[in-house]
Amino acid sequence: MTTALITGATAGIGAAFARRLAGDGHNLVLVARNEKRLREQATELHDRHGVEVSVLVADLATDDGIATVEKRLGDRTHPVDLLVNNAGFGNKGEFLEVPMADELTMLKVHCEAVLRLTSEAVKGMRERRRGGVVNVASVAAFVPRGTYGASKAWVVQFTQGVARDLAGSNVRLMALCPGFVRTEFHERAGMGTDNIPDWMWLDADKLVDAAMKDLARGKSLSVPDPRYKALMGVAKLAPRNLLGGITSKTGRKYGPQ
Ligand SMILES: NC(=O)c1ccc[n+]([C@@H]2O[C@H](COP(=O)([O-])OP(=O)(O)OC[C@H]3O[C@@H](n4cnc5c(N)ncnc54)[C@H](OP(=O)(O)O)[C@@H]3O)[C@@H](O)[C@H]2O)c1
């Protein structure tokens, strides 16, 4: 039995990781802010899959919340073998419309929490000479997309850099870069989604299956869908200005759904 810790486990991509990993027989530590939702999910996964599921209520936008999860990751008597840094969100509006406090909160959750939790987790993993970290970034990491894209670009660069530093230690790190996934993300951010074509939407469970395959293959970067692999190929060749014009609009329609 191994143990996986998933942040942002109660919804969307994190919940899909929880279902998949419980189905594979891993014990779980689920992290999010909503305690009631965490407990219901823990009971359901335990009852369905017979694995041990514990919960940690933590707001990763706060030092206390990050410290709570660091403490669990540092517990050498109950080692965590797989860390999924998944918690994240979008802000409503373009730059200067978003309050500075919200931009800073995004950097805290997407960057500082990922930095601190990855660091704490890989210390023990390196000693035990086994383990893995999946840091959920986004294809927005590769296109001009304000603080969100910049924070996800940091996740990609950071993860691939650490993966290189730890090469040979038997600890795997992978940045996962989804395209649009049907989750609570857009509704929570107050983003309308009707200008996103149907073919661009990914299913969270299929995304996680593909991500787990890429992790097993030892990839440090996963763009787990042929549609987005092709789009990212085109994006590399497209002039930066054109790319910015297209991508700053798609999926950024703010207002009612
Ligand atoms: N959906 C997409 O199209 C898409 C595309 C590319 C990348 N992503 C990335 O995928 C990740 C997961 O997003 P999702 O689409 O699954 O979103 P989601 O459905 O809104 O789920 C977000 C999860 O994160 C938790 N969370 C949010 N803020 C938190 C905080 N401050 N502290 C602790 N937990 C927090 C939420 O639970 P609580 O509210 O209970 O805390 C929830 O469990 C994010 O990093 C996002 O940037 C999403």
(Q) Can you compute the modelled spin-label distance between Leu104 and Asp24, with each label point 7 Å from Cα toward Cβ, in nm? (A) 3.8 nm
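How high is the relative contact order of segment 3-254, in percent, with contacts defined as C-alpha pairs under 8 Å that are six or more residues apart?
Details: 447 pairs, mean separation 45.4, N = 252.
Computed value for segment 3-254: 18 percent relative contact order.
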Q) Setting aside same-chain residues fewer than 8 positions from Lys123, which aspartates and glutamates have a Cα under 19 Å from its Cα? A) Glu70, Asp75, Asp81, Glu112, Asp165
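DSSP beta bridges in segment 3-254, what fraction antiparallel, as a percent rounded to 5?
Values: 2 of 28 bridges.
Around 5 percent of the beta bridges assigned by DSSP in segment 3-254 are antiparallel ones.
Filter the GluC sites (Glu not before Pro) in segment 53-115 to those in DSSP coil with at most 11 other Cβ atoms within 10 Å of their Cβ, and list the result.
Details: sites: Glu70, Glu94, Glu97, Glu103, Glu112; in loops: Glu94, Glu97.
Filter output for segment 53-115: Glu94, Glu97.
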(Q) Just to be sure I follow: if Rg is taken over the C-alpha atoms of segment 22-129 and Rh is the Kirkwood radius over the same atoms, what is Rg/Rh? (A) 1.03
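Would you calculate the volume per residue, in Å³, of the smallest convex hull containing every Cα atom of segment 65-207?
Expressed per residue, the convex hull around the Cα atoms of segment 65-207 is 120 Å³.
Using mean Cβ contacts within 10 Å as the protection proxy, how do 15-22, 118-125, 185-192 order, highest first?
Details: 15-22: 23.6, 118-125: 20.1, 185-192: 16.0.
Answer by packing, highest mean first, reads 15-22, 118-125, 185-192.
With the Cα gyration tensor of segment 3-254 in hand, give its eigenvalues times 5 under a square root as the equivalent ellipsoid semi-axes, listed largest first in whole angstrom. Kindly include the intermediate steps, with their values, before the conclusion.
Working: eigenvalues 159, 80, 66 Å².
Computed over segment 3-254, the values are 28, 20, 18 Å.
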Q) Which far-off residues, 5 or more places away or on another chain, put their amide H under 5 Å from the one on Gly131, with H placed in the peptide plane? A) Arg172
Q.
For Lys229, give me every one of the lysines with a C-alpha distance below 26 angstrom, ignoring sequence neighbours fewer than eight places off in its own chain.
A. Lys152, Lys206, Lys213, Lys219, Lys249, Lys253
Q) So who's got an amide H within less than 5 Å of the one on Ala175, skipping anything under 5 residues away but keeping other chains? H placed 1.01 Å off N, in plane. A) Asn135, Leu221, Ser222
**Q.** Sparsely packed chymotrypsin sites (Phe, Trp or Tyr not before Pro) within segment 56-160, loop by DSSP, other Cβ within 10 Å at most 11
**A.** Phe95
Q: Identify the residues of segment 169-199 with backbone N under 13 Å of a label point that sits 7 angstrom from the Cα of Arg33 along the Cα-to-Cβ direction, or state none.
A: 188-189
Q) Hey, what angle do you get for helix 12-23 against the long axis of the chain, alpha-carbon based, 0 to 90 degrees rounded to 10? A) 30 degrees
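Values quoted throughout were computed directly from the atomic coordinates according to the rules given, and no laboratory measurement underlies them. Here the structure is a predicted model, which is why all the values come from computation and not from measurement. Here the Cβ is made from the backbone with ideal geometry for all residues, glycine too, and neighbour counts use every protein chain on show.
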